[in-house]
Amino acid sequence: MIGWDVSKDASAIGFDDAFQYEDFAKPWTARRIAVTENFERETDLKAYEARMKKQDRHPY
């Protein structure tokens, strides 16, 4: 699989997400995809805390 450009293959079948990577490289204020600071933070923290308490979690 060395040298395989998945993005070109994905684009050929109409699944082109290159615009997302272009957006990620821009400052938040210049992105086409809106970014909301701390969006769902409290919900996310609950999931984070649950993972940290999990005794059999897989180390990354």
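Each value in this text was obtained by applying a stated rule to the coordinates, not by laboratory testing. If you're wondering where the values come from, they're calculated on a predicted model, not measured in any experiment. Cβ placement follows ideal geometry from the backbone for every residue including glycine, while neighbour counts extend to all protein chains displayed.
Quick rundown of the values:
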item	result
Rounded to 10°, Cα long-axis angle of helix 41-53 versus longest principal axis of the chain	70 degrees
Neighbourhood net charge (12 Å Cβ-Cβ; Lys/Arg +1, Asp/Glu -1) for Arg32	0
Those lysines that a straight Cα-Cα span of less than 28 Å connects to Lys8, excepting residues fewer than 8 apart in one chain	Lys26
Size-normalised alpha-carbon gyration radius of the chain, reference 2.2 N^0.38 Å	1.69
Segment His58-Phe19, extension gain: residue separation times 0.36 nm, minus the distance between their alpha carbons	10.8 nm
Sequence-distant aspartates and glutamates (8 or more away, or on other chains) whose Cα lies within less than 18 Å of Lys54	Asp44
